[in-house]
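Values quoted throughout were computed directly from the atomic coordinates according to the rules given, and no laboratory measurement underlies them. Predicted model only: the values in this text are computed from it and were never measured. We place every Cβ from the backbone using ideal geometry, glycine too, and count neighbours over all the protein chains shown.
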Amino acid sequence: MFALALKNIRYYKGRSVTTFLLTFIAAYFFIVYVAFMNGAHSSMLKNALEVYTGSLQIYQKKYRSEGGYDYLIEDTSALLTLLNPIQGLKAYSSRLETYGIAAYKENSSAIMLTGVDFLKETQLSELKKARVKGVYNSTGDCLYMGEDLATKLHVDVGSSISFIGSAVDYSFVAERFRVCGVFKTGMYDFDTQSAFMNRDYFDTIFFSQNISTYIVAMAEDMKKNEHIASQIAEKVPPDLKVYTWKELMKSMVQLMQMDSFFGYVSMALFFLVIFFVIMIYGFINVSSRIKELGILRSIGVSEHNISALLFYEMIILTLLALICAVPLGAFTAYYFEVHPIVISGMNDMYRAYGVVSDEVPTLFDPFTIAWNTLLVFVLNLLSAIYPIAYVRSFTPVEAIRHV
Amino acid sequence: MYRVRTILHLAYRNAFLRKSRAILLVMMIGLCMGVMVGLEGLYDGMSLHMIDKTMRSDCGNISLFAKKYRLEDDIKYHISEADKKVQQLKQLHDVVYALWRIQSSGLAQTARKSTPAKLIGINIDDEEHFGKFSEFLKEGELNFGKSGVFVGNELAKKLKLHIGSKVIFTTQDAHLEIQSIALRVKAILHTTNINLDTRALFIPRETLTTLLALPKNSATQIAVISKSKEIKTLQKSIQSLFPTLDVKRFVELYPQLKQMQELMSVFNQITFFIVMSVVFIGILGVMYVSILDRIREFGILLSIGYAYRNIRLQVLIEALLLGVAGYLLGTIIGLAFLGYLSYYGLNLSMFAEGLNSFGLDSTLYATMKLSYFISTFFAIIFASLLSVVLPLRQLKKLNPIEIIRSTS
């Protein structure tokens with residue numbers, strides 16, 4: 001039957017070429033489309049996490065639900081010591097966030113002031129890379145602020161601004177700080193609201209020695225992040241909670257899931273039309289061969305073997321198309337992962353949502369390619385069912401007489 | 001006349017002679033068109049909904065600002081005598097409604113949390129006329145009462161605010177003094193405009209102008225709703241009316257939303273092109289085989305003097321009949337799909353947080369445009385006619401005697 005199937009494929013060229021081409025296009029297009037979709041999501045996530053969020057954060061349990069200075073981490077150094085033996089952490093550090101009003105001459109703005117360890121932040125965030133003016137690793141009363149905030153306050157490097165807020169013990173803070181550096185991440189909200197200060201000086205002003213809002217950490221390998229988070233969760237005191245990026249960036253994760261959902265819906269439409277065309281060509285082919293198949297039946301070939309013959313034809317054509325499409329699709333996915341496409345102008349649209357890069361890479365993932373391929377294969381097999389059922393509806397005599 | 005009727009009759013009989021084949025083709029066209037039109041409507045609906053809600057909750061079709069205000073975000077760049085200007089705008093033929101708002105940036109604080117926010121002074125009646133403000137109400141009631149404030153839902157989530165919660169807003173007034181106001185949450189709004197949902201607190205216009213030590217008729221924004229399709233022309237006439245103000249259209253204020261709409265449109269066009277190309281291949285296959293099946297029949301007709309142009313007409317009508325039948329099925333499926341999605345919407349509450357953060361409702365509604373059906377109709381007609389060109393050319397080249405002698 002297999003040899004006969006090969007012979008039929010060569011003989012019915014029109015149907016073979018059409019099935020081959022449509023399967024090739026469907027498989028190639030599907031692999032590349034999914035690679036781009038997943039690549040864009042992974043790039044969005046990487047951007048968002050690397051800019052500031054990190055891959056996991058540790059808080060007092062009630063901080064994220066209640067907030068405020070009542071739920072700060074009290075013994076930061078002890079907690080950081082606990083993280084020392086954890087394998088797979090690229091870096092970790094503590095941050096303390098406070099809000100207040102910053103003013104310069106007649107301009108004022110609400111800001112989020114964060115005390116950070118600038119040296120450790122170089123491994124945890126993109127703050128250093130985002131510097132556009134002045135100094136990054138400043139000391140003393142220096143501020144490292146967002147470019148849009150600086151524009152709003154009309155300040156530049158060297159300007160002295162006033163800050164009103166409250167210290168960790170709820171006492172009133174009114175201080176003067178110097179602007180020593182300016183950064184631009186591209187995320188509007190972040191750049192209009194954020195300012196950073198070295199932790200030593202920050203602690204003397206806000207009475208926050210050994211106290212932090214949260215610990216931020218970055219895993220060396222994001223795939224191991226969940227495992228690392230569970231390891232940390234086992235070690236930290238019970239009043240603390242470890243949040244992975246999936247919880248910290250829940251809205252972004254959902255947004256990506258929704259985007260994938262619509263991506264697959266669109267792909268389903270392409271598959272629907274291609275499935276029908278392959279089925280129609282298969283059906284036309286089978287219709288024109290009813291007499292031939294009737295003769296085969298009358299000389300003793302079983303119904304089962306006729307079905308097998310038609311399935312073999314479809315399997316051979318599909319495999320041939322997949323053998324060509326899969327390596328090409330995989331290569332395209334790999335090539336654009338290494339050399340991402342740059343779409344200038346895309347930034348404006350996505351910047352508001354935290355996407356700061358205009359590179360659109362693919363994601364080369366052999367597992368994804370494998371299931372994409374399997375899906376195309378299964379769909380092609382399904383498209384052969386109706387033509388086979390049609391042929392089987394004829395008795396050998398009816399089939400021979402068929403015009 | 002008799003000739004045409006005969007050809008029509010023959011075409012009809014032959015088009016549906018092979019029932020399974022014809023049904024498969026009609027189903028393919030119908031299902032693919034129905035799903036494609038449904039997706040087009042859903043994608044367009046998403047962007048149109050975002051644009052509509054952003055216009056209604058914020059800038060309208062055109063907004064006016066004092067020069068430098070947008071750059072500096074400072075109340076010293078405010079519009080004075082905004083009430084008179086709004087009245088002038090309402091006199092313009094193309095203006096459906098106009099209102100003014102006052103806005104100030106500052107710090108919103110609760111006992112435990114604080115975040116940068118913006119306080120917007122509004123008039124509820126004006127907002128209702130302007131953009132059906134009550135539709136944005138998620139919780140509570142639209143009545144400021146004494147010291148009442150309406151809060152964007154994402155901001156409420158961030159500050160853990162509920163109906164009745166107290167919130168303090170601190171800002172700088174026109175005399176550069178720091179001022180604070182204590183407010184009680186009366187309503188939580190969901191505008192799906194992320195700028196408002198994540199940052200806005202709404203209070204009565206007069207309360208905010210008093211807090212900011214500004215005259216009562218001061219505004220930072222005047223927004224205009226227009227039904228005119230010539231928004232650029234309206235922008236020019238408003239600009240000439242108020243040369244000292246910055247007059248901006250929606251697309252200039254929210255370029256990213258326009259970009260998104262264009263991206264959706266490009267995506268829809270690509271989808272349309274791909275689907276129609278594959279549909280064409282399907283029709284081509286069926287028509288090609290249909291003609292080859294009857295080649296002897298055509299040979300006999302030609303040999304007894306039946307004109308080639310009659311055969312050509314018959315085949316063209318057959319292709320058209322199949323195409324139109326598929327189109328009709330597709331229209332029914334598409335209308336049902338779009339009707340359902342426009343009325344009930346697609347409930348994606350499992351992605352609610354992500355959708356809200358992007359400025360979308362958790363239920364997405366489709367839009368229904370006549371253009372989906374018109375463009376698809378012409379594409380299917382074109383694909384149907386094109387699909388018979390190749391088989392007809394082959395038929396024309398053949399000699400009737402050779403055709404009759406051929407066995408297949």
Please give the calculated 222 nm ellipticity per residue for chain A, where each DSSP H segment of at least 4 residues contributes -39500 (n - 2.57) and the sum is spread over every residue; nearest 500 deg cm²/dmol? -17500 deg cm²/dmol
Sort out for me the Cα centre separation of region A:301-335 from region A:212-258, rounded to whole Å. 43
When DSSP beta bridges are limited to those with both residues in chain B, what percentage is antiparallel, rounded to the nearest 5? 80
XL table A:Lys128/A:Lys223; B:Lys67/B:Lys227; A:Lys62/A:Lys235; A:Lys7/B:Lys396; Cα-Cα > 23 Å flagged, in table order, is A:Lys128/A:Lys223; B:Lys67/B:Lys227; A:Lys7/B:Lys396
Please list, short to long, the whole-number percent of alpha-carbon pairs of the protein assembly as shown in consecutive 20 angstrom bins beginning at zero. 13, 37, 28, 16, 6, 0
Principal axis lengths of region A:62-238 from Cα atoms, whole Å, largest first? 51, 34, 27
Regarding region A:1-135, what whole-number volume in Å³ per residue does the convex hull of its Cα atoms give? 284
Of B:Phe273, B:Phe144, how do they rank once you tally other Cβ atoms within 10 Å and put the fewest first? B:Phe273, B:Phe144
Per the protein assembly as shown: cysteines with no other Cys C-beta under 4.7 angstrom? A:Cys324, B:Cys32, B:Cys59
So, in nm, how far is label A:Lys250 from label B:Ser80 when the simple model puts each one 7 Å beyond its Cα toward the Cβ? 5.0
Could you tell me whether region B:62-227 comes out rounded, prolate or oblate from its Cα gyration tensor? Rule is a ≥ b ≥ c as square roots of the eigenvalues, rounded for a/c under 1.5, then prolate if a/b exceeds b/c, otherwise oblate. oblate
Aspartates and glutamates with Cα under 15 Å of B:Lys236, excluding same-chain neighbours fewer than 8 positions away: B:Asp94, B:Asp246, B:Glu252
Taking θ as phi - 60°, what are the ³J(HN,Hα) couplings along region B:180-192 by the Karplus curve (6.51, -1.76, 1.60), each to the nearest whole Hz, with x for Gly and Pro? 10, 9, 8, 10, 10, 5, 10, 8, 10, 10, 10, 8, 6
Could you please tell me the mean projected area of the C-alpha convex hull for region B:309-395, averaged over all directions and given in square nanometres to one decimal? 7.8
Listing A:Met252, B:Met27 by rising number of other beta-carbon atoms within 10 angstrom, fewest first, gives B:Met27, A:Met252
Quick one: compute the contact order of region B:43-178, relative version, from alpha carbon pairs under 8 angstrom and 6+ residues apart, as a percent. 22
Compute the long axis of helix A:366-383 from its Cα atoms, compare it with the longest principal axis of the Cα atoms of chain A, and write down the angle in degrees, 0 to 90, nearest 10. 30
Would you mind counting up the charge near A:Phe177? Only other residues with Cβ under 15 Å from its Cβ, with Lys and Arg at +1 and Asp and Glu at -1. -1
Quick check: convex hull of the Cα atoms in region A:65-118, volume per residue, rounded to a whole Å³? 135
Do you know the relative contact order of region B:311-373, to the nearest whole percent, from alpha carbon pairs under 8 angstrom that are 6+ apart? 30
Calculated FRET value between A:Asp239 and B:Gln239, using beta carbons and R₀ = 56 Å, to 0.05: 0.40
Contact order normalised by length for chain A, with contacts defined as Cα pairs under 8 Å and 6 or more residues apart; what percent is it? 27
Sites A:Leu375 and A:Glu220 - FRET efficiency at Förster radius 35 Å, r taken between beta-carbons, to 0.05: 0.60
Span from the region B:1-60 Cα centroid across to the region B:239-274 one, whole angstrom: 28
J(HN,Hα) series, region A:13-18, from Karplus relation 6.51 cos²θ - 1.76 cosθ + 1.60, nearest Hz, glycine and proline x: 5, x, 5, 5, 5, 4
For the protein assembly as shown, the charge dipole (Cβ of Lys, Arg +1; Cβ of Asp, Glu -1; about the Cα centre) points to a positive end, and the Cα of B:Leu142, A:Tyr69, B:Thr367 closest to that extreme belongs to B:Thr367
Full extension between B:Glu177 and B:Lys138 adds, at 0.36 nm per residue less the Cα distance, a length in nm of 10.6 nm
As I understand it, the value is the acute angle between the Cα axis of helix B:308-343 and the longest principal axis of the Cα atoms of chain B; what does it come to in degrees, rounded to 10? 30
The distance between the Cα centres of region B:344-408 and region B:160-208, in whole Å, is 51
Projected onto their principal axes, the Cα atoms of chain B stretch, largest extent first, over whole-Å spans of 102, 47, 31
What net charge do the residues around A:Asp141 carry, taking every other residue with its C-beta under 10 Å from that of A:Asp141, with Lys and Arg at +1 and Asp and Glu at -1? +1
Could you list B:Phe378, B:Phe250, B:Phe150 so that the one with the fewest beta carbons within 10 Å of its beta carbon is first and the one with the most is last? B:Phe378, B:Phe250, B:Phe150
Under a 5 Å amide H to amide H cut-off, with H placed in plane at 1.01 Å, what residues pair with A:Ser194 once short-range neighbours are removed? A:Met112, A:Gly146
Please figure out what share of the DSSP beta bridges in region B:62-227 is antiparallel and state it in percent, rounded to the nearest 5. 75
Rounded, prolate or oblate for chain A? Axes are the square roots of the Cα gyration tensor eigenvalues, ordered a ≥ b ≥ c, and the cut-off for rounded is a/c under 1.5. prolate
Take A:Asn137, project a point 7 Å from its Cα along the Cβ direction, then tell me which residues of region A:175-205 have their backbone nitrogen under 14 Å from it. A:198-199
Would you mind computing, in nm to one decimal, how far apart the modelled labels at A:Phe331 and B:Leu346 are, each placed 7 Å from Cα along Cα→Cβ? 3.5
Could you tally the net charge around B:Val286, taking each other residue with its Cβ under 15 Å from the Cβ of B:Val286, Lys/Arg +1 and Asp/Glu -1? +3
